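Notes follow once the structure below has been shown.
The values are calculated or read from the model by the stated rules, or taken from the named source; none is laboratory data. Note that this is a predicted model, so its numbers are computed, not measured. Methodologically, a virtual Cβ is constructed for each residue, glycine included, from the backbone with ideal geometry; neighbour enumeration extends over all protein chains shown. Ligands, DNA and RNA are stripped out before the accessible areas are found, and what is left, the full protein with its side chains, is counted by its heavy atoms. Shrake-Rupley method; radii C 1.70, N 1.55, O 1.52, S 1.80 Å.
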Amino acid sequence: MPTVLILGASVAGLPIAHALLKNNATTTKKTKVILVNPSPDFFWMIAAPRILTKPAAFRPEQYLIPIAPGFAAYPAGEFEFVEGAATAVDFAAKRVSVALAASSSTAGTKTRELGYDYLVLATGSTTPSSVAADSETAALYPFKPPPPSPSNPTPAPLEELIRSAQTTIQKAKRIVIGGAGPVGLETAGELADLPHRPSITLISAAERVLPGLTEGASRTAATQLAAKGVHVVTGRKVQSYSAAEGVVTLDNGETLETEVYIPTTGVLPNSAYLPREVLDEKGWVVVDEELRVQGPAVEGVWAAGDLTAHPGRLAQRAGEQAGIVAHNLVAEINGAGAGRRRRFAPGRAMMVVPIGAAGGTGELWFGWVPFVWLVRLVKGRDFFIAKAKSLVFP
């Protein structure tokens, strides 16, 4: 029985694991799936802007779903969940070194070597606000789980980090957000709805907010932010932040006093455990059209989701890639010809961006900017929270 080792249990890794295990029920060529994740829970990151700013909006059990119970129905011997983080990959030997979480280790064992026949890299990305800042007094705002590191392979429990961020935000009267992409705007909109009405400043390096969407979407967003009292600064970058002094410094020397600074500028690859030869210059995994990992001595390895070098790192694209990887893995295991493989075609994805519970904008078919009521209906009401459990229990 070949072993498929999947690193990462989020919107890419989870569906791949389930697809392979469900395929076992329909074929004589069964596989064993080992799923590795630093946390025992799956985090519904899509709702993070509301989770972090409005503690009463959702219950923790709605956005933190235990992973292992979702696989309990599969036959014994076909699935194993390992709570830990990959620290190194030896492609030639087909082995992965994993630092085990304290709850996973037995008899004092802190590391484990896992062999594989096929490997899936789905460790995703993280955000600047989820990474420990230079100043020890700076808070973390986990829009995504904090990444494991060699010195800290199993970070603090996510629920603990979320509660800390919620408490900090609820007390703050002045908040600066660095970055005016979708996450920055969603966070600003949620903050503007808070009863204590904090002063909110949004910094955009571009000359408009939502620079990745159409100008119509940007204008709609700017109008709504102004109506909510959000002060927008365009054409400026955050140069530094001192948590001890409570000061954000911009690239023109201007300073802003704040109690909370939340960086939402881009994402960072969770790829520190991988050899440089499979990464591009920014640390993303290089794949071909079939999502196979490219590099010397790399055989039987795929990648899906945010970790790949493909731009447009959205949950919907990660789910699409997961389906392609699962299909191609089954074809590979069954010895199907190349004609059975599927290919991923990067393209512009549709997007809706809630700005508070009742506002929002976005870009749909052919650049169409959706009506506010449609944004609320599609995403603004609950950030798709009802879908979280279905990824773990499909």
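Observations, loosely collected:
- Summed over the residues of region 1-119 and divided among them, the accessible surface reaches 40 Å² per residue at a probe radius of 1.4 Å.
- Both radii were evaluated on the Cα set of region 270-394; the Rg over Rh quotient, with Rh as the Kirkwood radius, amounts to 1.06.
- Accessible surface, region 246-319, averaged per residue in Å² (probe 1.4 Å): 44
- In this structure, the residue pairs whose Cα-Cα separation is over 31 Å, taken from LYS54/LYS110; LYS282/LYS389; LYS32/LYS387; LYS32/LYS110; LYS32/LYS54; LYS144/LYS282, are LYS54/LYS110; LYS282/LYS389; LYS32/LYS54.
- For region 6-133: relative contact order, % (alpha-carbon pairs under 8 angstrom, 6 or more apart): 28
- A P(r) calculated from all alpha carbon pairs of region 215-341, with 5 Å bins opening at zero, reads 2, 8, 13, 13, 12, 11, 11, 10, 8, 6, 4, 2, 0 percent.
- Label-to-label distance for THR167 and THR28 is 6.0 nm, based on points extended 7 Å past Cα in the beta-carbon direction.
- Taking a straight line from the alpha carbon of LYS29, these lysines sit under 26 Å away, with near neighbours fewer than eight places off in the same chain left out: LYS94.
- Whole-Å semi-axes of region 1-40's equivalent ellipsoid (Cα gyration tensor): 20, 11, 6
- Cα centroid separation - region 7-28 against region 223-281, whole Å: 36
- Taking 0.36 nm per residue of separation and subtracting the Cα-Cα distance, full extension of the segment from GLU159 to ASP193 would add 9.9 nm.
- Taking every C-alpha pair closer than 8 Å and separated by at least 6 residues, the mean separation divided by the residue count of region 166-207 gives a relative contact order of 49 percent.
- Computed from point charges on the beta carbon alone (+1 for Lys and Arg, -1 for Asp and Glu), the dipole magnitude for region 186-294 about its Cα centre is near 280 Debye.
- In order through region 183-189: 3J(HN,Hα) via Karplus (6.51 cos²θ - 1.76 cosθ + 1.60), integer Hz, x for Gly, Pro: 5, x, 5, 4, 5, 4, x
- ³J(HN,Hα) computed for each position of region 270-283 - Karplus, 6.51 cos²θ - 1.76 cosθ + 1.60, integer Hz, glycine/proline x: 8, 10, 4, 7, 9, x, 4, 5, 9, 10, 7, 5, 9, x
- Split the accessible area of region 1-78 by element, probe 1.4 Å, and carbon with sulfur accounts for 62%.
- Here is the size of the chain from its Cα atoms: Rg then Dmax, 21.4, 66 Å.
- Once both labels are positioned 7 Å from their Cα atoms along Cα-to-Cβ, the gap between ALA73 and THR111 label points is 3.9 nm.
- A convex hull fitted around the alpha carbon atoms of region 220-279 yields 168 Å³ per residue.
- Projecting label points 7 angstrom from Cα along Cα→Cβ for ARG381 and ASN252 puts them 4.3 nm apart.
- Hits among aspartates and glutamates - C-alpha to C-alpha of LYS22 under 20 Å, sequence gap 8 or more where chains match: GLU78, GLU80, ASP117, GLU320, GLU332
- Amide proton proximity set for VAL120, modelled H, under 5 Å, gap of 5+: LEU5, ILE6, LEU7, TRP302
- A simple rule links phi to the HN-Hα coupling: the Karplus curve 6.51 cos²θ - 1.76 cosθ + 1.60 with θ = phi - 60°, which for region 3-14 gives 9, 9, 9, 10, 9, x, 10, 10, 5, 9, x, 4 Hz, with x for Gly and Pro.
- Alpha carbon convex hull of region 1-140, volume per residue in cubic angstrom: 149
- Short-range pairs are left out: with C-alpha atoms under 8 Å and at least six residues apart, the relative contact order of the chain is 19 percent.
- Student exercise, the chain dipole from Lys, Arg, Asp, Glu Cβ charges, in Debye to nearest 20: 960
- Accessible surface of region 262-355, 1.4 Å probe, proportion on carbon and sulfur as whole %: 51
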